[in-house]
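Some notes on the structure that comes next.
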Amino acid sequence: MLDKAKNKDAVAYEELSVGYEFPATSYELSSSLVTKYLEAVDNSGNNFVPPLAVAARAMTAMTQSLSLPPGTIHASQDFEFFKLVPIGSVVSCQAKVVRNLARGQMRMLVLELNVFDQKEQKVQSGKATIILPA
Amino acid sequence: MLAEIYQGKTLTPVVKHITQEKINLYAEASGDFNPIHVDESFAAETPLGGTIAHGMLILAYVSEMMEQAFGQSWARSGKLSVRFRMPARPGDTVTATGNIASVREEGDISYVNCRLECHNQKDEVIVTGEGSTELAHSQGGTRGSR
């Protein structure tokens, strides 16, 4: 499930056209954030940010600029990881709409996201399929 | 890490107990405060009938299993493709399992593809999918299918 956006300027999902690019966001993967993440997922971790922690923050950053109704379902997810991310890194996230299809009472939204480090090297990419009311 | 990599090899499962406290902590760490995860009274009124774990929380267990099996190669070159079949709820025990579906060798690098699944304590399937990674031969022995 994805977060319901609280941003007043959030884009309505019905209005998203294929190719729409969300405003790029950047965020720090601080030691305290990683510690909290590792506690939540019951993992001892190592010197690098778990790739799914990077992904989780990227997904949230993306959905904060999108107005999603409660009950939105995360149906499927693809990821590809390209490099290790040291704790304390600042990464930026770019996301765009690759599919937005209404069928009956449901709508399928496919979002592609790419995460880059401060050297503008790609850290990971992903594709999320979410199902919402049409 | 796995000492040997071969088709059919079972990955060491990762078993986790889901609690509302962990879900709340995950919401803080990820920034995803969707009420379906963290608001028990809201979630009780939805068709799901109660809070559920974030799908990405369950994927963290899959990722942990892949990292245990393949080390840092997973975070450097891993690919993951999954479908969420049903939600995990507080009180569930989730087990991430996997096995090596194929191994392909090119020069000094092996490409390992795994079938992945997560299920709950009732053996209901929560997540299905596949994951793959590259492995340098120095990272572990490989041998052909058996």
Over 24 Å (Cα to Cα) - which of A:127/B:9; B:22/B:122; A:83/B:22; A:96/B:22; A:119/B:22; A:36/A:96 fall in this group: A:127/B:9; A:83/B:22; A:96/B:22; A:119/B:22; A:36/A:96
GluC sites (Glu not before Pro) lying in DSSP loop within region B:39-91, provided at most 12 other Cβ fall within 10 Å: B:45
Karplus-derived HN-Hα couplings along region A:101-111 (A = 6.51, B = -1.76, C = 1.60, θ = phi - 60°), whole Hz, x at Gly and Pro: 10, 8, 9, x, 8, 10, 10, 10, 10, 10, 10
Looking at region A:52-134, which GluC sites (Glu not before Pro) are in a loop (DSSP not H, G, I, E or B) and have at most 16 other Cβ atoms within 10 Å? A:120
Would you compute, from DSSP H runs of 4+ residues alone, the mean residue ellipticity of chain A at 222 nm, taking -39500 (n - 2.57) per run and dividing by the full residue count, rounded to the nearest 500? -5500 deg cm²/dmol
Compactness check, chain A: C-alpha Rg relative to the 2.2 N^0.38 Å globular estimate gives 1.07
Please compute one quarter of the surface area of the Cα convex hull for the protein assembly as shown and express it in square nanometres. 15.0
Please enumerate, by chain and number, the aspartates and glutamates with C-alpha under 18 Å from the C-alpha of residue A:122, excluding those fewer than 8 residues away in the same chain. A:21, A:28, A:78, A:80, A:112, B:134
Treating the Cα atoms of region B:1-103 as identical point scatterers in vacuum, please give the log10 of the normalised Debye intensity I(q)/I(0) at q = 0.18 Å⁻¹, two decimals. -0.89
Counting only helical runs of four or more DSSP H residues, what would the 222 nm mean residue ellipticity of chain B come to if each run contributes -39,500 (n - 2.57) and the total is spread over all its residues? -7500 deg cm²/dmol
Rounded to two decimals, the Debye log10 I(q)/I(0) of region A:7-80 (Cα scatterers, no solvent) at q = 0.12, 0.15, 0.16 Å⁻¹ is -0.44, -0.66, -0.74
Averaged over all viewing directions, the convex hull of the alpha carbons in region B:51-121 casts a projected area in nm² of 5.2
Under 5 Å from the placed amide H of residue A:76, counting only residues 5+ away or on other chains, we find A:129, B:84
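Where a number appears in this text, it was derived from the coordinates with a stated rule and is not lab data. Quantities reported herein were computed from a predicted structural model and do not represent experimental measurements. Note that each Cβ is placed from the backbone with ideal geometry, even for glycine, and that neighbours are counted across all protein chains shown.
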